[in-house]
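Just so it is clear, none of the values below were taken in a lab; they were calculated from the coordinates. None of these values were measured; they are calculated from a predicted model. Ideal geometry is used to build each Cβ from the backbone, glycine not excepted, and the neighbour counts take in all protein chains shown.
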Amino acid sequence: MIKINPDLCKGCNICVESCPKKVYENSNIANKKGVQVPFPKNIENCVQCHLCELMCPDQAILVEEDDE
């Protein structure tokens, strides 16, 4: 599961650009800062590599392991 904290996101889109599986996409939803927060549109493609979490300069993304 991917959680994005819209209050921390500054809309830099590093997650969109760095995801090797193209999980993220830009949205039309703006946060309190007025920036468009990306969302995990293709979440089924996520392999939980945590790259987006590591690359996010604002620690706005949390990738939780799936329970299997």
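Quick one: if you stick a label point 7 Å off each Cα along the C-beta vector at Met55 and Ile29, how many nm between them?
It is 2.1 nm.
Can you match semi-axes √(5λ) of the Cα gyration tensor in Å to one of these, (1) 44, 17, 11; (2) 15, 13, 11; (3) 19, 12, 11, based on a calculation from the structure here?
(3)
Return the sequence-ordered ³J(HN,Hα) values of the range 7-15 in whole Hz as given by the Karplus equation 6.51 cos²θ - 1.76 cosθ + 1.60 applied to θ = phi - 60°, using x for Gly and Pro.
6, 9, 5, 10, x, 6, 6, 4, 5
Where nothing but the Cβ of Lys and Arg (+1) and of Asp and Glu (-1) is charged, how large is the charge dipole of the chain around its Cα centre, in debye to the nearest 20?
Numbers: 7 positive and 11 negative charges, 102 e Å.
The calculated dipole for the chain is roughly 500 debye.
For n ≥ 4 DSSP H runs only, could you compute -39500 (n - 2.57) per run for the chain, divide by its residues and tell me the 222 nm figure to the nearest 500?
Numbers: 2 runs with 10 residues, N = 68.
Calculated mean residue ellipticity at 222 nm is -3000 deg cm²/dmol.
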